[in-house]
Every structure is written in C-alpha cells, then in structure tokens.
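Input: a single structure, listed below in structure tokens.
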Protein chains: 2
Amino acid sequence: MKMDAPCNSPRPEKLADLTGKLRAKSRKITGPRQAILEVLRQHRHPLTNKEILATLAAGNCDLATVYRSMHLLENMGMVKRFDFGDGVARFELLGEGEDGHHHHLICTECSAVVEIEECFPCALEQTIAASNGFKAITHKLEFFGICPQCQ
Amino acid sequence: MKMDAPCNSPRPEKLADLTGKLRAKSRKITGPRQAILEVLRQHRHPLTNKEILATLAAGNCDLATVYRSMHLLENMGMVKRFDFGDGVARFELLGEGEDGHHHHLICTECSAVVEIEECFPCALEQTIAASNGFKAITHKLEFFGICPQCQ
DNA sequence: ATCGCTGCAAAAATTTTGCAGGTAA
DNA sequence: TTACCTGCAAAATTTTTGCAGCGAT
C-alpha cells in the first residue's frame, strides 16, 4: 500500500499561484523553490525533507536548501508541519484559505497515510482551555494502526 | 510556572515494587536503574532523558545508560513515551495496571504541563478503524496553548 | 562463574548554521 | 546594484551502537 502518486485531495493552485505568493512577499522565485513547490503540489501527503529532495527532478538542490525552504514556506503559512512521532518532520502543502488543520491515520507497518477529515477535539478545545486558564489552544492528533493490506 | 516537584497524581508504587517488576523478569537491579526509577517516581511528568540524567543524584550514570534503561522500561510497559513535537522523547512512569493513555496540555511559552484526563478520540477510534479497514488503532493527542502565568 | 549491565567513545541520523559566491529583481 | 539565495562544509542535537570490563545473581 503506497497511496502515493495520484492524490485524492483537490489541487486548487497552479504553480504560478504559489510563486505569486512568494512574489507578493518579496521573496525570490528561484529554481530550487519552484521545483520544491511542484513536488509538494503533486504529492499532497506529508513528505520528509529527504523525500522531497529525492523526488526533485535532477537532484539539483541541496538538502540544506530544502530545510530552509520548508522553514520559509511554513512561516508564510503555505505549508503545514506534521509529526508522526518518529523524530522526522513532514510537510504538506496547504490549499488556498486552508488552515491545514486535519489529522492522519498512519499504518505502522508500511507507513501508508490516510487523511482524516473529522476533528473531534476541536469542539472541546475551548472547554479544555477554559478549565485550565489557557489561551490560544491548538492540538496535534494522529492515529496509528495496521492497514488492510498489511493485516 | 514549573509544576514540578510535588505531584498531583497518586504515587501508588514504592521503589521496591518497581524493582520487583525487574526481578520478576530476570533483569538486574543496578544502581543506575534504581536511581532512574526513583527520579521517575518522584517526578510524574514527561521527562526527557537529559532531564532524568540531570536530576540523578550524583550524575553517577551515563546518558547512554538512561537511553538504554528507558528502552527497557518502555518494552516492559513500566513507562510511556510521549512526544511533544519538539523532536525530543519524554517518558512518564505508569502506575500499577495503568495503560498510560492520557494526554497533556503544554504551555508553548514555559513548557508547563497539565495532564488531561478526558480522552475524546477513544470512543471514535473504532469508527475510524472500521471506515478505513484498519486494525489495532491507537492515537497520539497533545494540546498546546499559553498558560495563565505566561499570558 | 555467568551473563547482563555500564561507561566511554564513536557513529548515525536529523537539523541548523557560516561563509563565499551566484542570481533574481 | 543590492539584497537575497544557494551549495558546500562544518557544527549542533538527539539517539544508537561497539567494546572492554565490572557487577548482580
């Protein structure tokens, strides 16, 4: 089960829309950045920086540049960071106006990833915030299990 | 806000009970292991391996030994690993018969930790499992916000 | 007397940073 | 031209592992 290449989610933005966001913030539109954005656009799953690098056409980009680009895109709100608890960061491109808040169901055998639409704790965040005096509450939630193919 | 030293959770086991579990599995009861268990027993919060080492009485234990001990205790089900998304593993001692399934509310400013008793996704795990054909489902959930003192 | 455990050191793996040169604007 | 960006290399962090010797049983 690879669940990779073609994606189920909509792909609302063209590469030009993405680079436009860079331009709007006076960031330069370079070769590596375009290539990275294109990889993210075509693989709408959480990807590690190494996976992004490996997918890049001619390997014509340094790993350090991928790290720096992901920091930039994360700060610009174009990408969301996910953490599957294995000590490696993963990134997913966000659609227009999307806040990126969703969760995943991850196979512990083959690492297949299914996106989960429902977000249960969302409605209860305010309750938790109020009863503990916290503000600006967010949460991270990921599910783990064994997918049909691996059973 | 440090929320450290004294703990609100019950402390149902004495050190002898913990070492007894080691003995029951033919593991040796050594100085470092007793010291580590005592630290975990007195600080019932998720602790990093470095924090455990620093809290150890005379620093008379190697960091590699802490890592190896936490692997052992995790495999024996005496300790649960938590991941706050900052790339560092944290461990918390489990009480007798406890499965350790609970979540935390973490201050993004000062790292204060509050334990959350309720587990909302638990009831819905089966639904998610069924609709995706997954088995053996678990989840990780942590909340983040700004605590009263840091606001 | 075993066999497991520890300390020390080195290695792995992920991520960050310094710097000199190159490129988009 | 100017400021930003890139590649390369080195460093910083977290975690794992090899190995010789010590220690619990």
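Any read-out appearing in this document is the output of simple, stated calculations on the displayed coordinates, not a laboratory observation. Owing to the predicted nature of the structure, the values given are computational and were not obtained by experimental measurement. When we count neighbours, we look across all protein chains shown, and the Cβ atoms used for this are built from the backbone with ideal geometry, even at glycine.
Would you mind stating whether B:Glu98 is without any contact (Cβ under 8 Å) to a residue 60 or more places away in the chain and either more than 9 Å from chain A (Cβ to nearest Cβ) or touching a Phe, Trp or Tyr at 6+ places or on another chain (Cβ under 6 Å) (or both)?
Criteria met by B:Glu98.
Going through segment A:104-122 one residue at a time, which ones are of a type in the set (D, E, K, R), more than 8 Å from chain B (Cβ to nearest Cβ) and out of contact with any helix residue (DSSP H, G or I) (no Cβ under 7 Å at 6 or more places or on another chain)?
A:Glu115, A:Glu117
Being more than 19 Å from B:Lys14 (Cβ to Cβ), touching a residue at least 12 places away in the same chain (Cβ under 8 Å) and among the acidic types (Asp, Glu) is the filter here, so list the residues in segment B:63-95 that pass it.
Scanning segment B:63-95 gives B:Glu74, B:Asp83.
Conditions tested, residue by residue: (1) away from DNA strand D (no atom under 15 Å from the Cβ); (2) hydroxyl-bearing (Ser, Thr, Tyr); (3) closer than 28 Å to B:Gln151 by Cα.
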position	(1), (2), (3)
A:Arg68	no, no, no
A:Phe82	yes, no, yes
A:Gly87	no, no, no
A:Glu96	yes, no, no
A:His101	yes, no, yes
A:Phe120	yes, no, yes
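Return the only residue of A:Glu92, A:Glu98 being more than 19 Å from B:Asp83 (Cβ to Cβ) and under 14 Å from the mean Cα position of the chain (by Cα).
Residue meeting the stated conditions: A:Glu98.
Do you know which residues across segment B:13-35 are within 11 Å of DNA strand C (Cβ to nearest atom) and assigned to a helix (DSSP H, G or I)?
Listed by number, the residues that qualify are B:Leu22, B:Arg23, B:Gly31, B:Pro32, B:Arg33, B:Gln34, B:Ala35.
Within segment A:43-62, which residues are within 12 Å of the chain's Cα centre (by Cα) and free of Cβ contacts under 8 Å to residues at least 40 places away in the same chain?
A:His43, A:Ile52
Count, please, the residues in segment B:101-151 that happen to be aliphatic (A, V, I, L, M) and in contact (Cβ under 8 Å) with a residue 60 or more places away in the chain.
Counting residues in segment B:101-151 that are aliphatic (A, V, I, L, M) and in contact (Cβ under 8 Å) with a residue 60 or more places away in the chain gives 3.
Of everything in segment B:66-85 that's crowded, with 18+ Cβ neighbours inside 10 Å and farther than 16 Å from B:His45 by Cα, which residue is farthest from DNA strand C (Cβ to nearest atom)?
The qualifying residue farthest from DNA strand C (Cβ to nearest atom) is B:Val66.
Here are some conditions: (1) away from chain A (no Cβ under 13 Å); (2) exposed (fewer than 14 other Cβ atoms within 10 Å of the Cβ); (3) of a type in the set (Val, Ile, Thr). B:Thr127 meets all but one. Which one does it not meet?
(1)
Could you tell me whether any residue of segment B:78-89 is more than 14 Å from chain A (Cβ to nearest Cβ), of a type outside the set (Val, Ile, Thr) and within 26 Å of A:Phe143 (Cα to Cα)?
Scanning segment B:78-89, I find at least one residue that is more than 14 Å from chain A (Cβ to nearest Cβ), of a type outside the set (Val, Ile, Thr) and within 26 Å of A:Phe143 (Cα to Cα), so the answer is yes.
Identify the residue in segment B:29-61 that is farther than 12 Å from B:Arg90 by Cα and hydroxyl-bearing (Ser, Thr, Tyr) and, among all such residues, is nearest to DNA strand D (Cβ to nearest atom).
The extreme case among them is B:Thr30.
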